[in-house]
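Undergrad: First, the structure itself, so that you have it in front of you.
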Amino acid sequence: MTDVRFDVVGLGNAIVDVLSRADDAFLAEWGIHKNAMNLIEEDRAHALTKVARDPLFTSGGSGANTIAGLASFGGSAAYIGKVADDELGRQFRSEMEASGVPFATSLLKGGPATARSIIFVTDDGHRSMNTFLGASVLFSRNDVDADVVRAGGILYLEGYLFDKDDAKEAFVHAAEIAKSAGRKVALTLSDKFCVDRHRASFHQLVRNNVDILFANEEELLSLYETSDFDEALEALQADTAIAAVTRSEKGSVVLGDGEPIAVEAVPVKEVVDTTGAGDQYAAGFLYGISKGLPLEICARLGHIAAAEVISHFGPRPAVSYKILAEAAGIYA
């Protein structure tokens, strides 16, 4: 059996984020759904990039953000995803490797450009994502490095991959490899509209292949098609071993063997940008799980990371999560 070399192996859409400030009038003018992920074509991606005010280009993608955050805690991780052989693709690879995360998936040549997400952040801190999936969705089962998957104690899967059939097949293939190797599989539902599009498939995955599920409150309610939070929690607890449901400033609710555990959010002086909040919560939680910490402590680590990332512009840590965790008295 392959030795465990990584705490977590992430698999997701490899995307470069383009962050810009905007107001509600701008969103209305461009027909952008606020605080959601909007899928767009390449021509609209170029148009939105052109009108973005003082754009910041930074490697992103939900799963990749989580893996970078886990590395900031001091965890060991690898990432699998698809970028093109272009400037943004090379930036993505360079930034992942600079954070200590191996990223060896072959570059796409002669196809669409590297994926980008143009994210407009309003004054209330909400982010409206406009995502051109580009090269990321040409990820296929042939890009799944089985040895890397087996070398991770936990395989972390990004729900956004379900938007294209080849990537969805690769997603399921990777989960099967992990389960056959006795590894844990974690899934993030990613976005309410993603759940709406793939509810039946997510139900099947959660019930049969997933050991750890991440969702926010809106995604959870959509998954079980209810407006009753407690009812949705009860259904989720019956479907999976461990789950963490984030509720913004209300903190999170963690499900395990016993009663649900409510964990308070870490106070933030000013919410600057909520991009990456859920991703970094998952980073802290997964780091804690990989080190065998109690679920409540895992959630506290998640909130420490989420509070840090929403305090500045951009989806990845600006300071060491390891240092923040130790300052809070959490060691692993």
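Throughout, read-outs are computed from the coordinates displayed, never taken from laboratory work. In this text the structure is predicted, and so the values were computed from the model without any measurement. Reconstructed Cβ throughout: ideal geometry from the backbone, glycine too, with neighbour counts over all protein chains shown.
Undergrad: Take the Cβ-Cβ distance between residue 50 and residue 247 as r, set R0 to 51 Å, and report the resulting FRET efficiency rounded to the nearest 0.05.
TA: The value I calculate is 0.90.
Undergrad: If you don't mind, another one. Net charge near residue 99, counting Lys/Arg +1 and Asp/Glu -1 over other residues with Cβ under 13 Å of its Cβ?
TA: Summing Lys/Arg as +1 and Asp/Glu as -1 gives +1.
Undergrad: Can you tell me the relative contact order of the chain? Whole percent, Cα pairs under 8 Å, sequence separation 6 or more.
TA: 19 percent
Undergrad: Can I ask one more? For residue 40, what residues show an amide H to amide H distance below 5 Å, using hydrogens built from the backbone and excluding near sequence neighbours?
TA: Excluding prolines and chain starts, which carry no amide H, the hits are 131, 132, 133.
Undergrad: Karplus couplings for the range 266-278 from phi (6.51 cos²θ - 1.76 cosθ + 1.60, θ = phi - 60°), rounded to Hz, Gly and Pro as x?
TA: Going residue by residue, I get 7, x, 10, 5, 8, 7, 8, 7, 7, 4, x, 4, x Hz, with x marking Gly and Pro.
Undergrad: Which ³J(HN,Hα) values in Hz, rounded to whole numbers, follow from the phi angles of the range 27-37 under the Karplus curve 6.51 cos²θ - 1.76 cosθ + 1.60, where θ = phi - 60° and Gly and Pro get x?
TA: Ordered by residue, 3J(HN,Hα) equals 4, 5, 4, 9, x, 9, 6, 6, 6, 8, 9 Hz.
Undergrad: Considering only 233, 171, 119, whose Cα is most displaced toward the positive end of the charge dipole of the range 95-252, charges sitting on Cβ of Lys, Arg (+1) and Asp, Glu (-1)?
TA: Of 233, 171, 119, it is 171.
Undergrad: What percent of all Cα-Cα pairs in the range 149-295 falls in each 10 Å bin, counting up from 0?
TA: Taking every Cα pair in the range 149-295, the percentages come to 11, 43, 36, 10, 0.
Undergrad: In addition: For the range 1-118, list log₁₀ I(q)/I(0) at each q in 0.13, 0.16, 0.17, 0.20 Å⁻¹, using the Debye formula over Cα point scatterers of equal strength and ignoring solvent, two decimals each.
TA: Cα-only, vacuum Debye calculation for the range 1-118: -0.57, -0.80, -0.88, -1.09.
Undergrad: Related question: Between residue 272 and residue 97, what is the spin-label point distance in nm, taking each point 7 Å from the Cα along the Cα→C-beta axis?
TA: Simple spin-label model gives 2.9 nm for this pair.
Undergrad: A follow-up question, please. Report the FRET efficiency, 1/(1 + (r/R0)^6), for residue 41 and residue 331, where r is their Cβ-Cβ distance and R0 is 45 Å, rounded to 0.05.
TA: Working: r = 48 Å, r/R0 = 1.06.
Computed FRET efficiency for residue 41 and residue 331: 0.40.
Undergrad: Sticking with this one: Which far-off residues, 5 or more places away or on another chain, put their amide H under 5 Å from the one on residue 216, with H placed in the peptide plane?
TA: 246
Undergrad: Between exposed GluC sites (Glu not before Pro) in the chain, where DSSP calls loop and at most 16 other Cβ atoms lie within 10 Å, what's the longest gap? Before the final figure, lay out each step's value.
TA: Values: sites that count: 41, 225, 264, 270.
Result for the longest clean stretch: 42-224.
Undergrad: Same structure again: Sequence gap of 8 or more, or different chains, plus Cα separation below 17 Å: how many lysine pairs satisfy both in the chain?
TA: Lysine pairs, 8 or more places apart or on different chains, close enough: 9.
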